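A.B. asks: Following this message is one structure expressed as structure tokens.
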Number of protein chains: 2
Amino acid sequence: MTTTPTVGLLLFLPYRAMETRVLAALAEAGFDDVTLAQARVFQRIGPNGTRLTDLAEQAQVTKQTAGFLVDQLERAGYVRRGPDPEDGRARLVRITSRGSAAQAAAAEVVAEVEAEWEKHLGSRRMGALRETLVRLREITDPYA
Amino acid sequence: MTTTPTVGLLLFLPYRAMETRVLAALAEAGFDDVTLAQARVFQRIGPNGTRLTDLAEQAQVTKQTAGFLVDQLERAGYVRRGPDPEDGRARLVRITSRGSAAQAAAAEVVAEVEAEWEKHLGSRRMGALRETLVRLREITDPYA
DNA sequence: CGACTTTAGACAGAGAATCTGACCATCGTC
DNA sequence: GACGATGGTCAGATTCTCTGTCTAAAGTCG
């Protein structure tokens with residue numbers, strides 16, 4: 001198969017490569033109880049906490065699913081649920097110190113992989129890629 | 001959150017948008033019994049048939065999972081399993097006429113979405129994106 | 001204020017997707 | 001022809017995800 005795949009699939013390949021690398025590195029660093037699905041939600045928790053509904057929306061899963069994954073992250077000590085001062089119904093999912101450590105480890109690998117990509121592509125192309133993707137996000141991400 | 005996400009996540013967003021659009025269009029066109037997981041495998045079946053093991057490898061799932069999904073695609077009439085003339089152990093997964101019809105419908109939407117992207121980005125940027133992704137594939141896709 | 005609608009989240013149960021482990025048949029090699 | 005590697009299946013367990021239903025707290029409008 002020497003046919004060039006669609007842009008869609010071409011986008012997916014490096015994304016998956018990144019995801020795989022990050023998850024492997026996390027496991028290596030002792031965070032070996034995080035699953036891919038959990039990481040996809042975890043990744044979206046902001047520094048000041050994020051509501052479950054927002055997490056669900058951004059990860060494009062139902063709030064039940066998001067809740068299920070947050071339960072696990074909570075049991076593993078990566079996040080905790082707290083009240084939302086601005087809304088009595090809502091609860092904020094916040095990152096614990098263990099969660100921060102994991103995030104830091106993840107960020108390190110992300111930087112490493114991005115550096116590899118930049119080395120392969122050249123910094124001009126890498127910069128253009130980043131910029132193009134940001135523009136593309138405008139029409140492909142409803143939560144931009 | 002106005003922070004620019006990582007390139008990894010930026011790659012994912014348009015990919016998912018494409019995937020969602022294609023699946024919705026397929027459902028619209030009467031192919032409403034295909035799930036996302038099935039489509040991800042289906043997408044990789046070549047015109048001359050593909051072995052289960054190859055499908056599994058490319059989709060990065062176990063051969064059991066690939067087999068499970070192919071079972072469903074077969075039951076729904078999108079593919080059929082046949083012998084592999086070159087290897088008695090192997091069986092080739094081939095696309096049926098119904099499968100081809102679905103593929104054609106999918107290709108149509110892909111072209112449509114890519115046209116939207118090109119309109120938004122401009123043809124120069126779109127071309128550069130495609131080229132950059134092909135290069136990036138060299139170091140991120142073990143099956144390139 | 002008080003009734004109505006919406007929103008945030010949880011609980012329960014079912015279904016889909018994925019994995020590990022064990023197994024058989026065929027291929028390639030020596 | 002024996003032996004390790006490869007392609008595929010079967011069985012069972014786990015993980016992920018969804019639909020449906022429910023409660024509590026906002027928000028809206030008379």
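A.B. asks: Filter the stretch A:1-26 down to residues that are part of a loop (DSSP other than H, G, I, E, B) and at the interface with chain B (Cβ under 8 Å from one of its Cβ atoms) and give me whichever is nearest to B:Ile139 (Cα to Cα).
C.D. replies: Top of the filtered list is A:Thr4.
A.B. asks: Any residue at all in the stretch A:93-109 that's more than 19 Å from B:His120 (Cβ to Cβ), without any contact (Cβ under 8 Å) to a residue 12 or more places away in the chain and at the interface with chain B (Cβ under 7 Å from one of its Cβ atoms)?
C.D. replies: So far as the stretch A:93-109 goes, no, none of its residues is more than 19 Å from B:His120 (Cβ to Cβ), without any contact (Cβ under 8 Å) to a residue 12 or more places away in the chain and at the interface with chain B (Cβ under 7 Å from one of its Cβ atoms).
A.B. asks: Here's another thing I want to ask about it. Hey, could you check the stretch A:37-47 for residues that are surrounded by fewer than 18 Cβ atoms within 10 Å (Cβ to Cβ) and touching a residue at least 24 places away in the same chain (Cβ under 8 Å) and say which is nearest to DNA strand D (Cβ to nearest atom)?
C.D. replies: Looking at residues that are surrounded by fewer than 18 Cβ atoms within 10 Å (Cβ to Cβ) and touching a residue at least 24 places away in the same chain (Cβ under 8 Å), I get A:Ala37.
A.B. asks: Something else about it: Does A:Arg51 satisfy the criteria of being more than 16 Å from DNA strand D (Cβ to nearest atom) and either on the phi < 0 side of the Ramachandran plot or more than 9 Å from chain B (Cβ to nearest Cβ) (or both)?
C.D. replies: no
A.B. asks: Could you give every pair whose Cβ atoms fall below 7 Å, whose first residue belongs to the stretch B:123-144 and is at the interface with chain A (Cβ under 8 Å from one of its Cβ atoms), and whose second residue is outside any helix (DSSP H, G or I), counting only separations of at least 6 or pairs across chains?
C.D. replies: B:Val134/A:Thr4; B:Arg137/B:Ala144; B:Glu138/B:Ala144
A.B. asks: Suppose we keep only residues that are open to solvent by less than 60 Å² (accessible area, probe 1.4 Å), within 11 Å of DNA strand C (Cβ to nearest atom) and of a type in the set (Gly, Ala, Ser) within the stretch B:74-92. Which one would you say is nearest to the other protein chains (Cβ to nearest Cβ)?
C.D. replies: Within the stretch B:74-92, the match that is nearest to the other protein chains (Cβ to nearest Cβ) is B:Ala90.
A.B. asks: Moving on. Please go through the stretch B:104-134 and pick out each residue that is among the polar types (S, T, N, Q) and open to solvent by 70 Å² or more (accessible area, probe 1.4 Å).
C.D. replies: Residue satisfying the conditions is B:Ser123 alone.
A.B. asks: When you scan the stretch B:54-73, how many residues do you find that are open to solvent by 50 Å² or more (accessible area, probe 1.4 Å) and within 10 Å of DNA strand D (Cβ to nearest atom)?
C.D. replies: Looking only at that region, the number is 8.
A.B. asks: Pick from A:Asp32, A:Asp71: which is of a type in the set (Asp, Glu), without any contact (Cβ under 8 Å) to a residue 60 or more places away in the chain and under 17 Å from A:Val109 (Cβ atoms)?
C.D. replies: Going through A:Asp32, A:Asp71 in turn, the sole match is A:Asp32.
The values are calculated or read from the model by the stated rules, or taken from the named source; none is laboratory data. Note that the coordinates shown come from a computational prediction; the quantities given were computed from them, not determined experimentally. Neighbour counts are summed over all protein chains in view; Cβ atoms, including those assigned to glycine, are modelled from backbone coordinates with ideal geometry. Accessible surface areas use protein heavy atoms only, side chains included; no ligands, DNA or RNA. Shrake-Rupley method; radii C 1.70, N 1.55, O 1.52, S 1.80 Å.
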